[in-house]
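Undergrad: Once you've had a glance at the structure underneath, I'll fire off some questions.
Values quoted throughout were computed directly from the atomic coordinates according to the rules given, and no laboratory measurement underlies them. All of these numbers come straight from a predicted model, not from anything done at the bench. Cβ atoms come from the backbone with ideal geometry, glycine included; neighbour counts cover every protein chain shown.
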Amino acid sequence: MTLTIKEKIEQLRGIIRYHDRKYYVENNPEITDYEYDQLLKELQQLEKLHPDLITPDSPTQRVGGEPLTQFPAVEHRIPMLSIDNTYSDEELEEFDRRIKRMAEINARQDIEYVVELKIDGVAITLWYEKGLFVRGATRGDGFKGDDVTANLRTIRQIPLKLQPAEVKQKIPPVIEIRGEIYLPDKEFQRMNEEREDEGEPQFANPRNAAAGSLKLLDPRLTAQRHLCVFTYAIGYYEELELKTHMQCLELIRSLSLPVNPHTRLCKNMEAVIRYCNEWDKRRRELDYMVDGMVIKANSLAIHDRLGATSKAPRWMISYKYQPEQAVSKIEEIVVNVGKTGTITPVACLAPVPLSGTTVSRATLHNFDEISRKDIRVGDRVVVQKAGEIIPQVVSVLKEKRDGTEKIFKEPSACPECNGSVSKDGVYLRCHNPFCRAQAKRRVQYFASRDAMDIEGLGPALAEQLVDKGLVKDYADVYYLKYDDLVNLERMGGRSSSNLIHAIEESRNRDLDRLICAMGIGNVGSHTAEVLANHFDTLDKLANAGQADLEEIYEIGPVVAQSIIAFFQNEHTQEIIKKLKTAGVNTKKRATPKLVKNPKVSGKSFVITGTLQKYSRKEAGTLIRNLGGRILSSVSKKTDFLVVGEDPGSKLDKAREFNVHVLDEEAFEKIIS
C-alpha cells in the first residue's frame with residue numbers, strides 16, 4: 001500500500017525517534033551516524049516541500065527560529081528546592097537516625113535508600129503534556145526559573161515526544177521530569193582548547209560552561225555546545241500511581257529519557273556509605289564531573305510524611321566530596337596574548353602535585369580577578385583544579401606574607417607589541433592586527449592538526465618564523481623556502497625538506513579545513529564544516545550577507561556577525577589574495593560516497609591518544625565513510641579502541657571490558 005506524504009513523514013519521525021532512544025538512552029545504536037543523517041535529511045526535504053505538515057515535536061525542529069531577546073519567568077508548580085549537604089560518614093548516619101525519628105520508624109529497622117551520582121551541572125525541569133515537550137526551565141530561586149525551552153530543544157537526549165518502551169504503555173496527560181544539564185569533560189576541554197586557539201578566555205569549569213551555554217540567547221549557538229542531560233526525579237504528574245523513587249526512575253527511563261546508569265538501591269545506610277566511598281575513588285573514571293552523591297529515601301510515603309524545610313526536602317541529602325587542594329608559591333605572573341588579542345594573566349607556580357599531575361601554572365582568568373583576590377607575586381596560594389581539570393588559584397594565604405610580595409599591575413599597552421589596549425567586558429584586548437604575539441598564535445593554529453595539518457610547524461617554529469620576520473601572517477607560510485628554514489634552530493636539512501613537503505601537501509586541504517584554520521571568531525571545526533557544505537567556495541562565504549548566513553541551520557546572528565566582520569577586514573582580504581596566489585585550495589571537494597567495509601560497517605570505535613598519520617577528525621571521518629560509528633567513551637558495547645601515543649584511562653577501561661585494541665598499524669589494516 002502506498003503511503004501518503006503525511007504518513008511517510010510520520011513514519012520517518014517514528015524511525016528517527018526509535019534510533020534516538022537506541023543511541024541516547026540505551027547506548028546501543030543500530031545504525032551509523034551517516035545512515036541516521038540520511039534519515040534526518042529525507043525528513044527535512046519532505047517538510048520543506050510540505051511546510052504545513054511540520055509539527056513542534058518533529059526531530060527537525062530542535063534548532064531554529066529567531067534568537068531570544070530575553071528569558072520569560074516560569075513558576076514551578078512544585079518548588080525545586082536545594083539539597084542539604086553532608087561531608088562525613090558520621091553525618092550520614094545521623095541523617096538516617098533523624099529520618100527514623102521523624103517518620104516514627106523503629107531505630108533497628110532498615111530504610112531503603114536510592115543513591116545517585118551528584119552531577120555537577122545545572123538543574124532543569126521538563127514539562128510534557130500528552131507526551132509532547134511543551135516547556136523547560138531552570139531551577140532559578142526554586143520557585144521561579146527561566147524559560148529555556150528553545151535551548152533545551154537542541155539537546156538530542158531530550159525527546160520532543162515521549163517514546164514509551166512498550167507499545168501499550170500509557171503516557172500520563174501531564175508529567176514534569178527533573179534533571180541536570182551537564183557538559184562532558186571531553187566537550188569542555190574541546191571548547192576551552194578552541195577558545196584558547198581563538199585567543200578567548202577559557203571557561204572556569206564544566207558547570208559554568210553548561211550554565212552559560214543554556215543561557216545563550218541564540219539556540220543555534222547552544223546546539224554547538226553538545227550539552228547532555230541525566231534525569232533523576234518526577235515533579236508534578238497526573239494519573240500515575242507511584243510508591244517508590246526507583247519506580248519513578250524506571251518510568252522516566254521507559255519514556256526515553258536518560259537516567260544515570262550508576263544509580264543504586266541500597267538496603268540500609270551501611271550500604272549507602274560503602275557505595276559513596278566506592279565512588280570517591282572511582283569518579284575520575286567518568287567523562288563528566290561528579291562532586292558527590294545524592295541519597296534519597298526510596299519510599300514516597302516517607303517523602304510525604306517528612307516534607308521539606310523552606311530550603312530543602314528532609315528525606316534527601318547530598319554527600320559532598322572534598323576537592324583536592326595544594327599550597328604553592330606564585331613565582332611570577334605572565335600574560336598570554338591570544339590570536340584575537342585577548343590578554344590573559346597566568347600564575348607561574350612552584351611545581352606541586354595535585355589530582356594526579358604536577359601543576360606549575362594556574363589560570364588567573366582576568367585582571368579584575370587578580371584585583372578582587374589581591375593576588376601578588378610571591379604570595380603563597382591555595383590551588384585546586386576547577387572541575388578537577390584546569391588549575392586555578394582559590395585563595396591567598398595572606399597570613400604567610402612577609403612584605404616581599406609585589407603587586408602586579410594591569411598592563412596599559414600590549415606586552416608583546418606595545419600596541420593600544422582596551423577593556424572588552426572584564427577582559428583586556430590588544431587591537432594591533434600586526435601584533436607578533438597574535439601572529440604566532442594564528443600561525444600555530446593555522447598549522448594545527450584539525451586545521452591545515454602542517455606537520456612540523458609547531459609552537460616553537462611558529463615563534464621563530466615570526467620573530468625572524470620570515471612570516472607576518474599565516475599566508476606567508478606558503479612562501480617559505482628551504483633556505484629560509486635550514487639555518488633555524490632545531491631544523492637542519494631533513495626537517496626543512498619535510499616541512500616544505502608538508503606545506504605543499506596542505507595546499508590541497510578541503511575548504512572546511514581552510515575556513516577553520518583562518519581563525520574566524522566563534523567558528524570552530526564543526527561550524528567550518530557547516531559553512532563549507534553550504535557555500536562551496538571561500539569567495540561565496542566571504543561575500544555572504546547576514547541573511548544568507550542566518551538561514552543556515554546552526555548559524556545564528558552572533559556567528560554571522562563574526563564572519564562578516566572577519567571578511568570585511570582589509571588585513572583578511574590581503575591574506576586571501578596571498579593564499580590564492582600561493583595555490584591554496586578554496587573550493588569544496590565532492591563528498592565521498594559511503595563505501596561499506598565489512599570489518600568496519602556497523603562497528604563502534606573509540607579513538608584515544610595521538611595517532612601519527614591521522615588527526616582524530618580524519619580517523620573518525622574514515623570510519624564513518626566505511627560505515628562505522630564513533631563513540632566518545634568506552635563501554636562493554638564498544639567493538640574497537642584505536643590507540644595512539646599517551647592513550648590515558650580509556651585503554652585501562654578497554655582492557656577491563658575486553659574491548660579489542662588496535663594500534664595504528666592494526667587500524668590501517670582493518671580500514672584498508
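Undergrad: Grab every C-alpha pair in the range 85-320, bin the distances at 10 angstrom width from 0 up to the longest one, and report whole percents.
TA: Going out from 0 Å in 10 Å bins, the range 85-320 shows 7, 29, 34, 22, 6, 1, 0 percent.
Undergrad: Can you pull the one-decimal nm distance between simple spin-label points at Phe143 and Ile78, each 7 Å off the Cα toward Cβ?
TA: The two pseudo-label positions are separated by 1.9 nm.
Undergrad: Determine, for each peptide in 466-475, 112-121, 537-546, the mean count of other beta carbons within 10 angstrom over its residues, then list the peptides with the highest first.
TA: Put in order of decreasing packing, that is 112-121, 466-475, 537-546.
Undergrad: At 7 Å along Cα-to-Cβ for each site, give me the label-to-label distance between Gln189 and Thr55 in nm.
TA: 4.2 nm
Undergrad: With each run of n ≥ 4 DSSP H residues scored as -39500 (n - 2.57), what mean residue ellipticity at 222 nm is computed for the chain after dividing by its residue count and rounding to the nearest 500 deg cm²/dmol? Let's see the in-between values first.
TA: Details: 24 runs with 233 residues, N = 672.
When only DSSP H runs of four or more count, the value is -10000 deg cm²/dmol.
Undergrad: Next up: Per the chain: cysteines with no other Cys C-beta under 4.7 angstrom?
TA: Cysteines of the chain left without a disulfide-compatible partner: Cys228, Cys248, Cys266, Cys276, Cys348, Cys516.
Undergrad: Would you mind estimating how fast the range 355-477 diffuses translationally, via Stokes-Einstein at 37 °C and 0.692 mPa s with the Kirkwood radius over Cα pairs, in µm²/s?
TA: For the chosen part, D equals 190 µm²/s.
Undergrad: Based on the mean of other Cβ atoms within 10 Å per residue, sort peptides 568-578, 212-222 so the most packed one is first.
TA: Ranking the peptides 568-578, 212-222 by packing returns 212-222, 568-578.
Undergrad: If the limit is 30 Å between Cα atoms, which of Lys243/Lys385; Lys409/Lys440; Lys168/Lys243; Lys243/Lys636; Lys118/Lys161; Lys186/Lys669 go over it? Present the calculation step by step, with values, prior to reporting the outcome.
TA: Numbers: Lys243/Lys385 41 Å; Lys409/Lys440 25 Å; Lys168/Lys243 21 Å; Lys243/Lys636 33 Å; Lys118/Lys161 27 Å; Lys186/Lys669 28 Å.
Too far apart for the 30 Å limit: Lys243/Lys385; Lys243/Lys636.
Undergrad: Here's something else I'd like to know. ³J(HN,Hα) across the range 131-142 via Karplus (A = 6.51, B = -1.76, C = 1.60, θ = phi - 60°), whole Hz, x for Gly/Pro?
TA: Values, residue by residue: x, 9, 6, 10, 7, x, 8, 7, 5, x, 8, x Hz.
Undergrad: In addition: Describe numerically, in nm with one decimal, the distance between label points set 7 Å from Cα along Cα→Cβ at Gln109 and at Arg361.
TA: With each label point 7 Å from Cα toward Cβ, the separation is 6.0 nm.
Undergrad: Which value, in Å³ per residue, describes the convex hull spanned by the Cα atoms of the range 604-671?
TA: Details: hull volume 4.9 nm³, N = 68.
Here the figure is 71 Å³ per residue.
Undergrad: Highest mean first, what order results for 253-259, 129-135 on Cβ atoms within 10 Å?
TA: 253-259, 129-135
Undergrad: Under 5 Å between amide hydrogens, which residues at least 5 positions from Val174 or on another chain qualify, with H placed 1.01 Å from N in the peptide plane?
TA: Amide H to amide H, under 5 Å and 5 or more residues apart or across chains, Val174 pairs with Lys130, Glu238.
Undergrad: Next question. Could you list which residues have their amide H under 5 Å from that of Ile119, counting only those 5 or more apart in sequence or on another chain, with H placed in the peptide plane?
TA: Placed amide hydrogens put nothing under 5 Å from Ile119.
Undergrad: Please work out how much length the chain gains when fully extended from Thr581 to Ala271, using 0.36 nm per residue of separation minus the C-alpha to C-alpha distance, in nm with one decimal.
TA: Gain on extension, Thr581 to Ala271, equals 104.6 nm.
Undergrad: Given H placed on each backbone N at 1.01 Å, which residues far from Ala308 in sequence or on other chains put an amide H within less than 5 Å of it?
TA: Answer set, sorted by chain and number: Arg314.
Undergrad: Next up: For the range 299-311, in order, what is each residue's ³J(HN,Hα) by Karplus, 6.51 cos²θ - 1.76 cosθ + 1.60 with θ = phi - 60°, in whole Hz (x at glycine and Pro)?
TA: 6, 6, 5, 5, 4, 5, 5, 8, x, 8, 7, 5, 10
Undergrad: Fully extended, how many nm does the chain gain between Val327 and Tyr479 (0.36 nm per residue separation, minus their Cα-Cα distance)? Walk me through the numbers before you get to the answer.
TA: On the way: separation 152, 0.36 × 152 = 54.72 nm, distance 4.89 nm.
In short, 49.8 nm is gained.
Undergrad: How large is the convex hull of the Cα atoms of the range 511-581 per residue, expressed in Å³ as a whole number?
TA: Value for the range 511-581: 75 Å³ per residue.
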